[in-house]
1. Examine the stretch 20-35 for a residue that is modelled with pLDDT under 85, touching a helix residue (DSSP H, G or I) at 6+ places or on another chain (Cβ under 9 Å) and within 21 Å of E133 (Cβ to Cβ), and state whether such a residue exists.
2. Residues of the stretch 208-227 being touching a helix residue (DSSP H, G or I) at 6+ places or on another chain (Cβ under 7 Å) and part of a helix (DSSP H, G or I), which ones?
3. Taking the stretch 379-400, which residues are in a helix (DSSP H, G or I), crowded, with 17+ Cβ neighbours inside 10 Å and either modelled with pLDDT under 90 or in contact with a strand residue (DSSP E or B) (Cβ under 8 Å, 6 or more places away or on another chain) (or both)?
4. State whether the residues of the stretch 189-205 include one that is closer than 30 Å to Y139 by Cα, among the acidic types (D, E) and in contact (Cβ under 8 Å) with a residue 60 or more places away in the chain.
5. Kindly evaluate V384 against the criterion of being in contact with an Asp or Glu (Cβ under 6 Å, 6 or more places away or on another chain) and either acidic (D, E) or touching a residue at least 12 places away in the same chain (Cβ under 8 Å) (or both).
6. Could you identify the single residue in I238, I253, I223, I232 that is at pLDDT 95 or above and under 28 Å from N440 (Cα atoms)?
7. Which ones in the stretch 408-431 are more than 20 Å from S244 (Cα to Cα), in contact (Cβ under 8 Å) with a residue 60 or more places away in the chain and either surrounded by fewer than 17 Cβ atoms within 10 Å (Cβ to Cβ) or not small (G, A, S) (or both)?
8. Based on what the data block shows, is I439 of a type in the set (V, I, T), assigned to a helix (DSSP H, G or I), within 28 Å of A197 (Cα to Cα) and in contact (Cβ under 8 Å) with a residue 12 or more places away in the chain?
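The values are calculated or read from the model by the stated rules, or taken from the named source; none is laboratory data. Predicted, not measured: the structure shown is a model, and the values here were computed from it. Cβ atoms come from the backbone with ideal geometry, glycine included; neighbour counts cover every protein chain shown.
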Amino acid sequence: MRKQIFFIFVLVLTVTFLFSETISLEQVRALALANSRSLANYNINIRSSVLEEKSQLYTILPSVSANYSASMDYLDKDWHFINPVDTFDSSARLSITQTLFNGGKNFIQKAINELNSESQRKAALAEYFKVLESADNAYYAMLESMATLEAAESALTNTLSNLSIAEIRQSNGMINQGDYLKALAEKESQENSRNQARRSLSLNVTKLKNLIGAASIPQPEQIDFSRYEGLIQYFGSISDEDASTLYDRFWKIITQANPSLAMAALNSQKAEKNLSSAKRDSAPVVTATLISGSIGYSTEKGFGTSSTGRVEISGKIPLDFWNLSNKIEKNKIAVNSAGIDYIDRETQLETSLLEALINAFTQADSVLSSRRSLEYTQKHYEYVEERYRLSQSSVSELGEASSLLIDNRNKLIQANYGFLQKLSALRSLGAIDDEERLINLLMGNKN
């Protein structure tokens, strides 16, 4: 039912996207999931594992078999030709056999197959969040490029306006040739920045199109940064004590929900089951033939039937104990290796969580500081620009103020979208699908 709801949701968003003039982040996420070949491959692997699980279940059930045979002779024992019809002989046989005991290996293998299926589901879940993070990053990169291009075009407009003033003053002899050349150089520099921003936007649009499998991208909807304001303010001034508490709270979520850690735990369980299966290789096998019946016809005897039921006990006692011992030791090593892998994965996730939180704190602080810096540099630029118009500031001073303004504007753009990317990384670590729930958890609201 959940799969059906998801595919219906994707279908609705896809149709909406095809007939819409805009595209939202939710649509990008849904289209990226639908277009992901890696995720589709994981879903195929899940279906294959479930079929393997069913196959093992079927081995526990009675085995039904049927066979048919027919023969005719055309030479007798003296090598004389005879009528084949006179020697016609045929039979058909049906039997039902049940394994009563084999040391419990069937049930162990059933448990192993169930673990394999669950491991494939966890792998698909990890890929699901990986695709979501890629979709977020691609969308944010495109919006960041658009904002950078808009800022570059605004800076170029201001530069051209200031250059026109410099041209008038140069023609009137109010500034020297050197200052005029500086104004020209500033114009060339801003045009180059604008062109680079265009190329960057074109590249990011292409990446997003490839990710969602679209021929073109409609006008993207802008991100409402106000919904993250509380979290930005909290992260930007978070204390060491609150940061430590947040780490512990989020780590608890990771141990319960992170798919890669769950896969490592499942691999450890599979290794234990394989070891248990290896220890049962010397167990006897008991089978019972519940029904065995046959019907036949021959030219000589006509129709005939027979039936029987029997219990057959067979035991396998390996004499090459060194091979059995070697197999058990190999599985013990696999158990130890799986345990080490789990600890290693746990350590990697601890480092990843610490890194993700520190990066989120840093980006939030960068957003706040960039805002203040941009406010100051904007006022500084307006002050220097006004003095320039009144011939009280030089071209060099105006260029320095313009460069400072552009630099701080780009830093704020990068900080805003960088913060969103760090949230996506935290979402993947905690396998949290709902962004509102993620924000509440990060803010300390456990509900």
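1. Filtering the stretch 20-35 for residues modelled with pLDDT under 85 gives 20-21.
With the extra rule that they be touching a helix residue (DSSP H, G or I) at 6+ places or on another chain (Cβ under 9 Å), the set shrinks to 20.
With the extra rule that they be within 21 Å of E133 (Cβ to Cβ), the set shrinks to none.
No: the stretch 20-35 contains no residue that is modelled with pLDDT under 85, touching a helix residue (DSSP H, G or I) at 6+ places or on another chain (Cβ under 9 Å) and within 21 Å of E133 (Cβ to Cβ).
2. Once the filter is applied, which keeps residues that are touching a helix residue (DSSP H, G or I) at 6+ places or on another chain (Cβ under 7 Å) and part of a helix (DSSP H, G or I), the stretch 208-227 yields L208, L211, I212, F225.
3. Answer for the stretch 379-400, where residues must be in a helix (DSSP H, G or I), crowded, with 17+ Cβ neighbours inside 10 Å and either modelled with pLDDT under 90 or in contact with a strand residue (DSSP E or B) (Cβ under 8 Å, 6 or more places away or on another chain) (or both): E385, Y388, V395, L398, G399.
4. No, the stretch 189-205 contains no residue that is closer than 30 Å to Y139 by Cα, among the acidic types (D, E) and in contact (Cβ under 8 Å) with a residue 60 or more places away in the chain.
5. Working: in contact with an Asp or Glu (Cβ under 6 Å, 6 or more places away or on another chain): yes; either acidic (D, E) or touching a residue at least 12 places away in the same chain (Cβ under 8 Å) (or both): yes.
Judged against the criteria, V384 is a match.
6. Only one candidate passes the filter, namely I232.
7. Answer for the stretch 408-431, where residues must be more than 20 Å from S244 (Cα to Cα), in contact (Cβ under 8 Å) with a residue 60 or more places away in the chain and either surrounded by fewer than 17 Cβ atoms within 10 Å (Cβ to Cβ) or not small (G, A, S) (or both): R409, N410, I413, Q414, N416, Y417, L420, Q421.
8. Numbers: of a type in the set (V, I, T): yes; assigned to a helix (DSSP H, G or I): yes; within 28 Å of A197 (Cα to Cα): no; in contact (Cβ under 8 Å) with a residue 12 or more places away in the chain: yes.
When the stated conditions are applied, I439 does not pass them.
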